[in-house]
Every structure is written in structure tokens, then in C-alpha cells.
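A short write-up of the structure that comes next.
The values are calculated or read from the model by the stated rules, or taken from the named source; none is laboratory data. Predicted model only: the values in this text are computed from it and were never measured. Here the Cβ is made from the backbone with ideal geometry for all residues, glycine too, and neighbour counts use every protein chain on show. All accessible areas refer to the heavy atoms of the entire protein, side chains included, with ligands and DNA or RNA removed. Shrake-Rupley method; radii C 1.70, N 1.55, O 1.52, S 1.80 Å.
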Amino acid sequence: MLIEQPPLTYRLLFPEALWRIKHKGRRVVYLTFDDGPVPEVTPWVLDCLDRNGVKATFFMVGDNVRRNPGIFEEIRRRGHSWGNHTMHHLQGMKVTTRRYLRDLTEADELIGSPLFRPPHGLLRWSQAAAIKNHYNIVMYDLVTRDYSRRLTPEKVLENVKRYTRNGSIIVFHDSLKGQRNMMAVLDDAIVWLKKQGYEFHTLPMQ
């Protein structure tokens, strides 16, 4: 559970970040996808979302946007929202704040979004303090762990069913690493969430 649903103690380390958006009177979830866009996976995700009539938010690696600008434009054209996930998928704890901010800014020149999600959900306090003045830091309430080679698609779907709650920001991956599990369960996850009465919203870009 420490991975799938971050505990309160970890959330309190970054009070400026968005972890969950509670709603009164209705059930809402926020589907998000990390690490794309890549031609092997992202177009499939877009078609799946269209097929199910839902919108999502894509946190994109700047270098992937640079290599696949057409897919980025397709994400925008289809009415999804999008955010920055650094230029080179840097883990903040492993690099200096100066390098991290430079990488984020480089990605922003391609992505142009007020939303930012740190890769792996990890960053230094100094990085968060600098970033919060310019971006809305978006974390998550549920990580499906679709990227794990140790998990079966059934287990990934079980994570969705077990940990989703009203206002959950849910993380899938439109990446090669997450391809097998994500493509096996995304349709079923959306259908199950709809049956539970959830609406699908995008994260606001204002």
C-alpha cells in the first residue's frame, strides 16, 4: 500500500502538491498517464479513451514530445489535458535543484502546461519550493503499478478496484514499460469505474 496509495505521512511532506480532489454529491476520478508520448502505446490509449467516452491527463516527458510532436498534438486535439514530467524523466532526489529546474524548464518550452508531476513522485523540498511558484504540482492517490513486471494484469486491475475512492488521481503509464499490463486492463478498469458510478474528469490547466 505504500506504493499504490501513498500514506498520509508522505503526503504531508509536500502539502503544496495535489494528491486527491474530493467531491461532494458525486463520485469523480482523474485518470492520468505518465512517461509518454510514444508511438507504440499512446495512440492506443487515445483510441481506448475515445471508445469509452472519457478524458484523461497526460504527464509527458519532454524528450518524448520532441521526438513525437504529432502524438502530442493529437492528445490536445482530442480534448485531453497535459502536464510536464521533466525533459529527461529525472528523479529529483538524484540531481541538484539547479539541474532539475533547468530540465523542467527545457521541457516546458515544448509542453507549455501549468501542471507538473515529478517522475517517481520524488523531489527535494528545495525543488518543490521553487516549482510551486510556477506550476501546480500534481502527485497521485493511486498508482496502479502497471509498470511492474512482477504484477499480472489481474493484480493491476485489483489495485484499481481496491484503492480507488472519490477524488482519486489514478496513475497509469503510456510507456513501453507499462504497455503489457496497461493495455490488458485499461478497458476493464474504465468499465468497472463507470459501474461504480464514477465520472471521469481531467485535471484543470488553470
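Taken over region 141-159, residues that are touching a helix residue (DSSP H, G or I) at 6+ places or on another chain (Cβ under 7 Å) and open to solvent by 10 Å² or more (accessible area, probe 1.4 Å) amount to 4. For ILE3, the conditions (1) among the β-branched types (Val, Ile, Thr); (2) closer than 18 Å to ARG145 by Cβ; (3) open to solvent by less than 60 Å² (accessible area, probe 1.4 Å) are fulfilled apart from (3). Screening LYS132 with (1) in contact (Cβ under 8 Å) with a residue 24 or more places away in the chain; (2) in contact with a helix residue (DSSP H, G or I) (Cβ under 9 Å, 6 or more places away or on another chain) gives one miss only, at (2). Among the residues of region 88-127, the ones that are aliphatic (A, V, I, L, M) and surrounded by fewer than 20 Cβ atoms within 10 Å (Cβ to Cβ) come to 5 in all. Of the residues making up region 160-179, those that are in a helix (DSSP H, G or I) and surrounded by 17 or more Cβ atoms within 10 Å (Cβ to Cβ) are VAL160, GLN179. When region 21-51 is filtered for residues that are more than 16 Å from the chain's Cα centre (by Cα) and under 17 Å from ASP146 (Cβ atoms), the ones remaining, listed by number, are GLU40, TRP44, CYS48.
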